[in-house]
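See structure below.
The values are calculated or read from the model by the stated rules, or taken from the named source; none is laboratory data. Quantities reported herein were computed from a predicted structural model and do not represent experimental measurements. Ideal geometry is used to build each Cβ from the backbone, glycine not excepted, and the neighbour counts take in all protein chains shown. Note: accessible area is taken over every heavy atom of the protein model, side chains too, but ligands, DNA and RNA are not part of it. Shrake-Rupley method; radii C 1.70, N 1.55, O 1.52, S 1.80 Å.
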Amino acid sequence: MQKTGAQILVDSLLAEGVDTIFGYPGGVVLPIYDVLYDSEIRHILTRHEQGAAHAADGYARASGKPGVCLATSGPGATNLVTGIANAYMDSIPMVAITGQVATPLLGRDSFQEADITGITLPITKHNFLVKDPKDIARTVREAFYIATSGRPGPVLIDMPKDVSSDMAEHADPGPVQLPGYSVNQEPDPEQLARAVRAIEESERPVIYAGGGVVSGGAHGELLELAEMLLMPVATTLMGLGGFPGNHPLSVGMLGMHGSKYANYAINECDLLIGVGVRFDDRVTSKLEEFAPGAIIMHIDIDPAEIGKNVGVDIPLVGDVRLTLRKMIERLKPRVASQWRDKIAVWKKEHPFEFVENGRIKPQEVIREICNVTKGNARITTEVGQHQMWAAQYYTFTRPRTFISSGGLGTMGFGFPAAIGVQVACSDETVIDIAGDGSIQMNIQELATAVHYNLPVKIAIMNNGFLGMVRQWQELFYNRRYSYTELDNPDFVKLAEAYGAVGIRVTKKSEVRPALEEAMAVAKPVVLDFPIEREENVYPMVPPGEPIHKMLG
Amino acid sequence: MLRHTLAVLVENSPGVLARVAGLFSRRGYNIDSLAVGRTESPDVSRMTIVVDGDERVLEQVTKQLHKLVDVIKINDITVDEYVDRELVLIKVNADPAQRGEVMQIADVFRARIVDLGRRTLTLECTGNDGKINAFEESLRPYGIKELVRTGKIAMLRGTKYTGYQDNGTKEEI
């Protein structure tokens, strides 16, 4: 049957199970928007394309399904770039669709033309410029397959206007055939045997679990393996929730702002089992002194991650869940472990600490958020001090409940991501823990949250500073606060101007009632917490130091 | 620092060269030369990439190249027996008085004269990069006006081959 390219596109998206698109219209995507007008796909109109990309990202992180965003050519497409890069760094499945000027106008610097496939080459897993409506169905299928299989990532499809409006036959493209693309599922049996032997021989093993545990759905296997061998588990920022934070074997987050006991454990372990991690510099700090006495084992679906940053003794390339399952089948349980007991002592001796002085402390606010929600909310964050406090003081027990920009560190991510999370999880409480700097990077999305009645809560840790940058200036630049102090708007009035609810908390005693009030309102709420202005995030590994040498 | 020769089979689709070249530049790998052309199959192109780096760099180059969806197969043929060729075109000053000398040099290197100007000769020469370098050096005293090299192409000797077999997987030797 003959259809327009836009109709083929939307039908192909439906065939991939897409129920929601986050987007923003413009000239060359009008054929697509015209089809969407009658479609059963829910379209969420954000107020900025960056918001659409982050919302699609949040939707994907919460639901495990690929997020889809749509923008017009030129500035619409370039506004997606930060969101695409963010998804790329954190391996989030996303399909970004951009309009493009009509094919006869390509390459002529036409109105609203940008070479978006060229621009996004380094920040997509793959991208396509569709030049013929006959290719749309196959391209969509390949895009979703690439985005969601193996190590997930964003894929971009660029659709020239004439390709969307011209007619073509819509035939089912059949199974994906990509000779240059293959996914390693099964770990090598010999390496697996070595891994099992190394675990059996180890006395002080530590698991270092990352985002791959969450995206690979391997949290159940991770818990089983850790309990079976009484192995302590440290998680990265991306791995939070991949292992229950309240479990006796959990040592919390490791790295620059990780727990002391996690970093001590890494420093003294004799076997480090990296599971779905990439040995990021925020974790390892000084590479030469990272886990100095340990045999390094690394499980990852992406072979290129093995040996990228650290030398690996036992590589296991394969699906994380499948690999852990095979290890569990081959190992015998342990009944006692002095190592676990030693870590339990460290845990008692070096808890996360802050000074209580009667003023509102961000750490306490976050702890209260955890108490009020009983740890059951979906938390998103922006980027900065509040993000690290959220990672330290909220206890995450389930995967996909902590949603944060890890690799790219994108200020402005948390709120639009929360919108995507709320769309994916309409019955759940979604809270964006924000800083006063970050929230202003995409605050226009309040209009989106209000329009679609998405009852996202925003808790602003308001210290009138770009807090993390100020902390670095304090510690490493002689307190010269160069352009980090902010004159903020009245966030309560701002919320009200958008039609949301605004609550200002001025005293410590008001923190909990304010949170309870916010949870009870079925509307977007902005909570303004004026916190101690020069509070620091501790512990902190200063840049260039080994991770057991922490400040604070 | 070792120089490696990679035989890379890629899909013959637009943008592949940009993907490969971009990967090298943004990850800080050093390309010595890169030559591309189509193969016996019209859907498949072959790149011969010469890259500088130790084993660790090479491993990462190979793995990162594999991640590109358009890259079908990569072989590091450095340690195998292979034949390699490069083509150079050199336009050199050659007044009528010097022409004989230049033509003698061309003879020694089994180069061919492909164009003749009033004061210049244009020569073509093929060979491995050692021979091409020597040829270039021999002509330099006469004044090279223009020079272009294709970059190296290479193929394994004997029955071994690095061609594309349609079994749906990427392979390495």
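So here's what we get for this one:
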{"read-out": "Lys, Arg +1 and Asp, Glu -1 on Cβ, resulting dipole of region A:157-281 about Cα centre, debye, nearest 20", "value": "520"}
{"read-out": "Solvent-accessible area per residue for region A:2-169 (1.4 angstrom probe, square angstrom)", "value": "34"}
{"read-out": "Partner chain coverage, peptide A:116-127 - average Cβ within 10 angstrom", "value": "3"}
{"read-out": "Sparsely packed trypsin sites (Lys or Arg not before Pro) within region A:354-436, loop by DSSP, other Cβ within 10 Å at most 16", "value": "A:ARG359, A:LYS374"}
{"read-out": "For chain A: relative contact order, % (alpha-carbon pairs under 8 angstrom, 6 or more apart)", "value": "14"}
{"read-out": "Sum of -39500 (n - 2.57) over DSSP H runs of 4+, divided by residues of chain A (222 nm, nearest 500)", "value": "-10500 deg cm²/dmol"}
{"read-out": "GNM top mover of B:ASP43, B:ASP76, B:ASP52 - chain B, alpha-carbon springs below 10 Å", "value": "B:ASP43"}
{"read-out": "Length-normalised contact order of region B:2-80 in % [C-alpha pairs under 8 Å, at least 6 apart]", "value": "47"}
{"read-out": "Debye, to nearest 20: dipole size of the protein assembly as shown, +1 on Lys, Arg Cβ, -1 on Asp, Glu Cβ", "value": "640"}
{"read-out": "Unit charges at the beta carbon, dipole of region A:2-169: most positive-side option, A:ILE8, A:VAL29, A:THR139", "value": "A:THR139"}
{"read-out": "Qualifying lysines (Cα of each under 27 Å from Cα of A:LYS3; at least 8 residues distant if same chain)", "value": "A:LYS131, A:LYS134, A:LYS161"}
{"read-out": "Centroid-to-centroid separation of region A:422-456 and region A:131-199 [C-alpha atoms, Å]", "value": "31"}
{"read-out": "Percent of Cα-Cα distances greater than 31 Å, calculated over chain A", "value": "49"}
{"read-out": "Considering only the protein assembly as shown, percent of DSSP beta bridges that pair antiparallel, nearest 5", "value": "45"}
{"read-out": "For A:173-180, mean number of other protein chain Cβ atoms within 10 Å", "value": "5"}
{"read-out": "Mean Cβ count within 10 Å, highest first, over the residues of peptides B:96-106, A:123-133, A:39-49", "value": "A:123-133, A:39-49, B:96-106"}
{"read-out": "Chain B - percent relative contact order, Cα under 8 Å, separation 6 or more", "value": "27"}
{"read-out": "Projected area, mean over directions - region B:2-80, Cα convex hull, nm²", "value": "4.9"}
{"read-out": "Value of [θ]222 nm, deg cm²/dmol, for chain B, DSSP H segments ≥ 4, -39500 (n - 2.57) each, nearest 500", "value": "-8000 deg cm²/dmol"}
{"read-out": "Range of Cα positions in region A:239-315 per principal axis (Å), largest first", "value": "32, 25, 21"}
{"read-out": "Sparsely packed GluC sites (Glu not before Pro) within region A:330-382, loop by DSSP, other Cβ within 10 Å at most 12", "value": "A:GLU353, A:GLU356"}
{"read-out": "DSSP-defined antiparallel bridges as percent of all bridges, region A:257-403, nearest 5", "value": "0"}
{"read-out": "Chain B: equivalent-ellipsoid semi-axes (sqrt of 5 x gyration tensor eigenvalues, Cα, Å)", "value": "36, 16, 15"}
{"read-out": "Tensor-based shape of region A:189-350 (alpha-carbon gyration tensor, a/c under 1.5 rounded, otherwise prolate or oblate)", "value": "rounded"}
{"read-out": "Fraction of antiparallel bridges per DSSP, region A:413-552 only, in percent to nearest 5", "value": "10"}
